[in-house]
Amino acid sequence: MFSTIEEMAEEVGLDEYCFRILVLMISRSIYEYDAIRFNKLYALINSVCKMSKPTFNEHLGHLVKKRYVKRRRIAKQNVVYFLSLEHPRIEAAKERILTRTSELKNVVGKLPSLTIGEHVKLLVYLTTYQYMDRVRIIIDSILKPPKDPFKYVIASNLDQLYLDQLYGKILISCNKDKEVCERALEILEKAMDIVRKNWERFLEKAPQSE
């Protein structure tokens with residue numbers, strides 16, 4: 001159904017930059033009551049995807065023109081942006097996206113209290129869940145082809161956004177402390193070994209094709 005950012009963007013009829021800006025605004029729940037100024041929004045997008053200010057301005061303008069995003073002037077030097085619930089795609093996907101965003105924010109909120117071992121275990125669980133959910137969506141779309149894959153594509157990309165945050169936190173911890181790095185590697189190798197043994201046992205019991 002989709003895998004890379006480019007394929008996801010193409011699936012919903014947007015270019016890569018517009019798609020990244022839209023996913024960021026959705027992940028931060030930037031609706032009318034949390035409208036954001038241009039420079040702050042630009043700083044946020046650059047924390048996850050580097051682009052020049054003219055490029056950002058151009059693609060944000062595309063989203064405004066396509067009515068995904070609204071632009072409102074509060075004062076002469078104060079213009080804010082927010083997601084438009086008048087756009088049918090945003091409105092249709094809002095419930096699913098807000099639920100997924102809430103779940104993922106809850107995960108990220110617990111990260112500071114976790115040990116490096118717990119970080120790595122959580123990474124294993126979330127990565128497994130993400131790929132299982134992606135397969136489920138693909139199979140479901142075969143049985144009941146969606147009229148518009150927008151909400152599924154966005155939800156999948158939200159998962160990846162939060163997984164990337166988790167990867168980043170683990171790598172930062174590993175770079176700071178060799179012992180932490182060794183512990184993370186040990187836990188990952190144990191988890192991979194368990195998975196490998198499970199699939200080997202499964203294949204041993206599976207009937208041989210003639």
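Looking only at residues in region 175-210 that are assigned to a helix (DSSP H, G or I) and polar (S, T, N, Q), the one that is farthest from residue 115 (Cα to Cα) is 198. Taking the condition touching an Asp or Glu at 6+ places or on another chain (Cβ under 8 Å) and at pLDDT below 90, does residue 6 pass? In short, yes.
The values are calculated or read from the model by the stated rules, or taken from the named source; none is laboratory data. Fair warning: this is a prediction, and the values are worked out from it, not measured in the lab. No Cβ is skipped: glycine too gets one built from the backbone with ideal geometry, and neighbour counts run over all protein chains shown.
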